[in-house]
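Take a look at the structure set out below.
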Amino acid sequence: MNKRQKIIFNKLKESEIGIKDLLIFVNQKNERKVSKITVIRDLDRLIKLKLVVRKGRGPAVKCHISACYKMFEDVDMKNYFLDDPSERDAKTKFDLNIFNLTSESSVFNQRELNYLDELNNSYQKNINNLPQDIIKREFERLMIELSWKSSRIEGNTYDLLETEFLIKENREAEGHTKLEARMILNHKDALEFIKKEDYKEITPNKIKKVHLALTKEMRISNEFRNKPVGITGTRYRPLDDSDAIKNSLKRLCDLVNQKSSLIEKSILLNLIIAYIQPFNDGNKRTSRMMGNAILLSYGFCPLSFRSVDELEYKKAVILFYEQNNLNNFKRLFIDQYKFAVDNYFRASSS
């Protein structure tokens, strides 16, 4: 953007405005006066960049910031979460437009895609030079750390060493509930399950199978939800009708299947399954495991989320619920992919 376009863009970030008022504002802020046609050309440029939307005709034309831009806008997380959920200017209902927005726009820019490709190339070199016994050992290590951290995000109180002992020795640690042990063991079983299955093409039924593996013997229904559900820390309420949930999952699968970037497929599954909340419980666990299912099916490194801060993870997900903004989660996701490539399936790992 040139200086004049930045003036226009920053004004539109404040509020919706008409062409006439925008022209007056630009001429007040710009070093020299410009014509109406110049401002219109600047707007056309911003519209082409998918930063601005123009609506109406003639004198009634109004311009505002696009929803696509808001998806990737930098948000000060500290300030955003200072407000109580009831005081935040946030979406409170599921927005079907999320499918159009993520279909029209790439989640990652070209610089990010190049960086992720470099990481994947590094992973491929690492794993191709490892003997099968080390690959098996490294997968077990990743499995333990994913089972621990994914469960930890859901409030599980097992520590990492207790999780390792539970998975390797099948012995529960003292001071924890049987459901906590079951949650961890279900992660192990689910990861082993997706490793053997083909998830190159995503379907609602495949999502249900992963959810079933993750919630086995935990008294959680595997049927699609048909009642309202609340989410701690936000006023956002997902869909509460099983038919609407089925349709939304189908749209998500169609969206993911038509994307060319494997990493983009994975992050969309991570976010939008959690956004739909198709089941009574186990939704974020399912979203993380589905994100790994597609990575494993295409030979990419799965994520353990071991180094993620649980609170920052939850805030990034809530920000997506409330603003459909995925920028913070994207940064978190890229960091976790780098962590996985740097820490697993390397000859020096221990």
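The values are calculated or read from the model by the stated rules, or taken from the named source; none is laboratory data. The structure displayed is predicted, hence computed values, not measured ones. Cβ atoms come from the backbone with ideal geometry, glycine included; neighbour counts cover every protein chain shown.
If you go through the range 250-281 and keep only what is β-branched (Val, Ile, Thr) and more than 20 Å from residue 108 (Cβ to Cβ), you end up with just 276. What about residue 78, is it closer than 23 Å to residue 322 by Cα, exposed (fewer than 14 other Cβ atoms within 10 Å of the Cβ), free of Cβ contacts under 8 Å to residues at least 24 places away in the same chain and not acidic (Asp, Glu)? Yes: the conditions hold for residue 78.
Residue count for the range 300-317 satisfying the condition of being crowded, with 22+ Cβ neighbours inside 10 Å and either among the small types (Gly, Ala, Ser) or more than 29 Å from residue 195 (Cα to Cα) (or both): 2.
Helices (runs of 4 or more DSSP H) fully within the range 102-189 that include at least 2 residues being hydroxyl-bearing (Ser, Thr, Tyr): 110-128, 132-153.
Inclusion of residue 135 among residues that are at negative phi and either buried (at least 16 other Cβ atoms within 10 Å of the Cβ) or outside the structural domain of residue 314 (by TED's automatic domain parsing) (or both) is not warranted. On the stretch given as the range 333-350, residues that are surrounded by fewer than 21 Cβ atoms within 10 Å (Cβ to Cβ) and among the aliphatic types (A, V, I, L, M) total 2. Has the range 108-128 got at least one residue that is out of contact with any Phe, Trp or Tyr (no Cβ under 9 Å at 6 or more places or on another chain), small (Gly, Ala, Ser) and more than 18 Å from residue 295 (Cβ to Cβ)? No. Here residue 90 passes the criteria (1) assigned to a helix (DSSP H, G or I); (2) surrounded by 15 or more Cβ atoms within 10 Å (Cβ to Cβ); (3) among the small types (Gly, Ala, Ser) except the one numbered (1).
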